[in-house]
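These notes concern the structure reproduced below.
Rule-based calculations on the coordinates, nothing more; no lab input. Keep in mind that what you see is a predicted model, and the values were worked out from it rather than measured. We place every Cβ from the backbone using ideal geometry, glycine too, and count neighbours over all the protein chains shown.
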Amino acid sequence: MELKNIIFIIVFLAVFGFFAYSVNNLIKYLKVAKKKDDRFDNIPKRLKRVWNIAFAQTKLLRDPVAGTLHLLIFWGFVLFIFAVIETIFQGFYSPFSLSFLGPIYSLITLVQDLFGLLVILSIIFSLYRRFIQKVPRLVVDDHGMKDAAFILTLIMFIVISMYGQNASGFANNGMAYHESELRPISAFISGLFFTGPSSTTTFLYEFFWWMHILLIFGFLNYLPYSKHLHILSSIPNVFLANLDPVRNTIKKLNLDDENADTFGVADIDQFSWKQILDGYSCTECGRCTSVCPANTVGKSLSPRDIIVDIRKRTLEKAPLILEGKTEGELFEKTLVHNYVTDMQLWECTTCMACVQECPVMIEHIDSIVDMRRNLVLTESEFPAGLNPVFKSLETNFSPWAFSPADRAEWAAGMNIKSMAEDKDGEILFWVGCAGSFDDRYKKVSKAFATIMQKAGVNFRILGTEEKCNGDTARRLGNEYLAQMMMQENVETLNNYGVKKIVTACPHCFHSLKNEYPQFGGNFEVKHHTQFIDELLADGKIQMKKESEKHKVTYHDSCYLGRYNDVYESPRKSLNKVAGLDLVEMERNKSKGFCCGAGGGRMFLEDEEGGRINEERTKEALSTNADTIASACPFCMTMMTDGVKHYEKTEEVAVKDIAEIILENIN
């Protein structure tokens, strides 16, 4: 055994011993989390998603430029693993080579050689975007910028050392390839600097060999202490992400736990281990913050900062918890208030754009709602404007202070039966609070009911027995109120034997369809845009063959679109209207921009920054459409207010899909 091999073995054991120590600490920190979370079901589906998102990088490629750059760097490193394995084995036994793989080795060496160049070019462009072009989402604090520069430079030198090793090795072999080797770029570099084997090329080969392996070992051990920790944790995080096909279905909180002294999350030990892993996995790429509607209009909320703060607090507090400490300066602080401000939490619209764009499947909204739960249920700390909302929900079963006895007044004179009068209807029309009480949206309830009557649909309503679906209370953190209404609604619906429900409110739709099963409510639920599309497809309603020409733009509701992937039904219905020209806003479908009313923001005032609805309305108006179509009561209110703000009420109308269809039915 050569001296080189002995030195390498010592270095190898030290490197991997320290790496194992660092990783073990990170795993132990996950154990401080008290909340249970089972993420090991349906392994085949989880593995398929790892391939699609982690390896094929489908989420990153939603941004073609940055996505392609990252894809090249990622796959370059995956392919470099073979070079690393070969180099490590050479550390134990110098003559080792993977050339015994024959043609496969030729392919491996060729791809490594070509990808190395692509990785260098990608890194140069990445440094340009971050430090010269200064793409806003990539600009982080000083430590983060230095960390990014260090990592990118380290990766570049790893590739350069690989080329140096291969070029000098080519020269040492008499300016010829080794068996089954194919490295054209390395051979070209060798030809520029060398003419054949010499003491210089022998020295350079050893120099670059050690440089290459030490840089890799240094990179490996730096990762657990860097924002690039995601290189280790992102693939596991994708594997362990929520498998629910409907994103952000809020988990039920056990309010009957007699041992619980708090509800929700005030600090990292009250999270689940998966939420802490989310903190490890954040790449600080800023994709989440760049699409956050609150951040876009100048509010302090940054989904990225919240996840990074979870990581910082974990690395700061978890070691002390594991040591058995319970007192000290660090224990006088909490994640909520001292790291994540109350204002940041209340500014979230739960639009889920952050979750949609995150390339490593971080679940930002779950953590935000958990922290809101702590503020409401444990600390009773929430904006004063929510007091009347919570009170009205508790006494009137609606976020507005209307009498429950007036809930069915919108249907007066329409000959619509309630379930109490006759429960033998084919389908239940869940009207919702806005459809029952809001003057503007009552018109939508009437329009949709009229469409169903014209189509001969045998439907019923609950009338005064209907209560708020619980979505507003739940996303505002008031799980107690939410569960009270959900359980009472489920009892009512089950007593009547309801099987099919249609609703014109995406928030009701999402809650009834995806969250009511937690409380024993299992129903077939459709949004009214889906139902209208089916009526048109089945020929149960017929459209006029001629109509006035209109230019219409459609605003995607977050709870209908990103939450439930309902994008085409509204558009298909609009496209069947004669004379209607449907024009898309720049941000549409899965990249649509929130109206600003979700997550309970409908009932909160803007304390800082601009107004989200005005940002969205400006985009709608830029299409020069004469009508803004919506499919949500909250969206309709916010877009209408936006049109008023820009003083365009005479030129631009805001209408629901049901109203547009009704106007054009034969």
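Things to note:
- For the range 5-151, the Kirkwood estimate of hydrodynamic radius, built from reciprocal distances between every pair of different alpha carbons, is 19.2 Å.
- Count Lys and Arg as plus one, Asp and Glu as minus one, and take only other residues whose Cβ is under 10 Å from that of Asn478; the net charge is then +2.
- Summed over qualifying helices (DSSP H, 4 residues or more, each -39500 (n - 2.57)) and divided by its residue number, the chain shows a 222 nm mean residue ellipticity of -15500 deg cm²/dmol.
- Cα-based shape type of the range 221-352, given that a ≥ b ≥ c are square roots of the gyration tensor eigenvalues and the cut on a/c is 1.5: rounded
- Filtered GluC sites (Glu not before Pro), the range 587-637: DSSP coil and at most 16 other beta carbons within 10 Å: Glu605, Glu607, Glu608
- Protection proxy ranking of 494-507, 513-526, 4-17 - average other beta-carbon atoms within 10 Å, highest first: 494-507, 513-526, 4-17
- Fully extending the segment from Thr58 to Lys648 would add 208.4 nm, taking 0.36 nm per residue of separation and subtracting the current Cα-Cα distance.
- Efficiency of FRET from Cβ geometry, Trp51 and Ala420, R₀ 51 Å, rounded to 0.05: 0.45
- Of the trypsin sites (Lys or Arg not before Pro) found in the range 374-438, those that fall in a DSSP loop while having at most 15 other beta-carbon atoms within 10 Å are Lys423.
- For a modelled paramagnetic label at Lys549, 7 Å from Cα along Cα-to-Cβ, the residues of the range 622-666 in reach, with backbone nitrogen under 16 Å, are 624-627.
- Cross-link partners of Lys391 among lysines (Cα-Cα below 24 Å; sequence separation of 8 or more within a chain): Lys251, Lys252, Lys442, Lys467
- Counted by Cβ distance under 13 Å from Lys526, the other residues give a net charge of -1, where Lys and Arg count +1 and Asp and Glu count -1.
- Antiparallel bridges, percent of DSSP beta bridges restricted to the chain (to nearest 5): 5
- Computed over the range 343-429, the ratio Rg/Rh where both radii use C-alpha atoms and Rh is Kirkwood: 1.15
- Long hydrophobic helices in the chain, taken as whole DSSP H segments with a C-alpha length of 15 Å or more on their own axis and mean Kyte-Doolittle hydropathy at least 1.6: 3-30, 64-92, 103-127.
- Correct option for volume of the Cα convex hull per residue in Å³ [calculated from the coordinates] among (i) 192; (ii) 166; (iii) 141: (i)
- Translational diffusion of the range 207-268, estimated by Stokes-Einstein from the Kirkwood radius over alpha carbon pairs at 20 °C in a medium of 1.002 mPa s, is 132 µm² per second.
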